[in-house]
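Let me begin by presenting the structure, written as structure tokens, before commenting on it.
The values are calculated or read from the model by the stated rules, or taken from the named source; none is laboratory data. Quantities reported herein were computed from a predicted structural model and do not represent experimental measurements. Glycine gets a Cβ as well: all are built from the backbone with ideal geometry, and neighbour counts include every protein chain shown. Each accessible area value is taken on the protein alone, full model and side chains, heavy atoms only, with ligands, DNA and RNA left out. Shrake-Rupley method; radii C 1.70, N 1.55, O 1.52, S 1.80 Å.
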Amino acid sequence: MAGTRIGIGRAGFGIEPPQGWERLTGKFEKSRRDILRVLAPNIPGVDEEELIFRTRCAAGLLNWLALAPIGTELAAMPAERLERQLVPVVTGAFRGSAQ
């Protein structure tokens, strides 16, 4: 597994919020339930822990794009173009194969 070579596999999925974010625990738990309710039936064969990990990865990608210099460029794009460019990225994060 490629992740093992770079240390990700040994680290586990890290699905818990960072230390000090306890005040948001309820919101994170609700978000996870909502996400799993939608994703689980649409991505069969992927367990809950993996779906939560993929969700965090997709959220991280979108957050990085929003905060990086490209965020300004993205904000200026027409909605249709933005959707055309971002949907495949997010879809890939969720549907990606571990094989």
- Picking from ILE35, ILE8, the residue that is closer than 15 Å to ALA93 by Cβ, at pLDDT below 70 and among the β-branched types (Val, Ile, Thr) would be ILE8
- Which of (1) under 16 Å from the mean Cα position of the chain (by Cα); (2) exposed (fewer than 11 other Cβ atoms within 10 Å of the Cβ) does ALA76 not meet, given it meets every other one? (1)
- Quick check: is even one residue across segment 85-98 open to solvent by 90 Å² or more (accessible area, probe 1.4 Å), modelled with pLDDT of 85 or more and not in a loop (DSSP other than H, G, I, E, B)? no
- Do we have any residue at all in segment 22-44 that's outside any helix (DSSP H, G or I), surrounded by 15 or more Cβ atoms within 10 Å (Cβ to Cβ), without any contact (Cβ under 8 Å) to a residue 24 or more places away in the chain and not polar (S, T, N, Q)? no
